[in-house]
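Below is one structure, written out as structure tokens, with a few remarks after it.
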Amino acid sequence: MDNQLIQSPLGTQKRLIIVVTLVIAIAVGLLGIYWHQDSDPYLSYVQEVLPLEGDTAKGHAIFQINCSGCHASQVNGSVGPNLQNVARRKSKTEIIEQVINGKTPPMPKFQPNTQEMADLLSYLQQLD
């Protein structure tokens, strides 16, 4: 008899099962990562807002309509906190999160379109 290594069909099947299982596990993991990144609407909203140039005058108008009832027209706070120097206390991302999630009660959620959010950020950043 030759000194050839004879593999049993059972050993080949086990290897095939292991390889297929690994390929499936990797594919599921990659799809999970892709789905998770794609499924966070907050993250995509922020990524759309941040590169936009805001118009301070339009941001002021948005503030007057949606925010001044609680933050007062002089932004010194009546129900809501004082927004003077808010850009020094919070990053743009934190401000966006506060606005769209209403993180601290009784602040309501408010999600303007991306350009309006950029305008509002521009206004809030100049409040020194």
### Query
Going by the alpha-carbon gyration tensor, a ≥ b ≥ c the square roots of its eigenvalues, is the stretch 44-125 rounded (a/c under 1.5) or, if a/c is not under 1.5, prolate (a/b greater than b/c) versus oblate?
prolate
### Summary
With +1 on the Cβ of every Lys and Arg and -1 on the Cβ of every Asp and Glu, the dipole magnitude of the stretch 44-125 about its Cα centre, in debye rounded to the nearest 20, is 320 debye
## Note on the structure
From fewest to most C-beta neighbours within 10 Å, the residues Asp119, Asp128, Asp40, Asp55 line up as Asp128, Asp40, Asp55, Asp119
### Summary
Note on the stretch 44-125: contact order normalised by length, alpha-carbon pairs under 8 Å, 6 or more apart, percent, works out to 48 percent
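Computed from the coordinates by the stated procedures, all read-outs in this text should not be read as laboratory data. The shown structure was predicted, so the numbers you read here are calculated from the model rather than taken from an experiment. Heads up, the Cβs are rebuilt from the backbone with ideal geometry, glycines too, and the neighbour counts pull from every protein chain shown.
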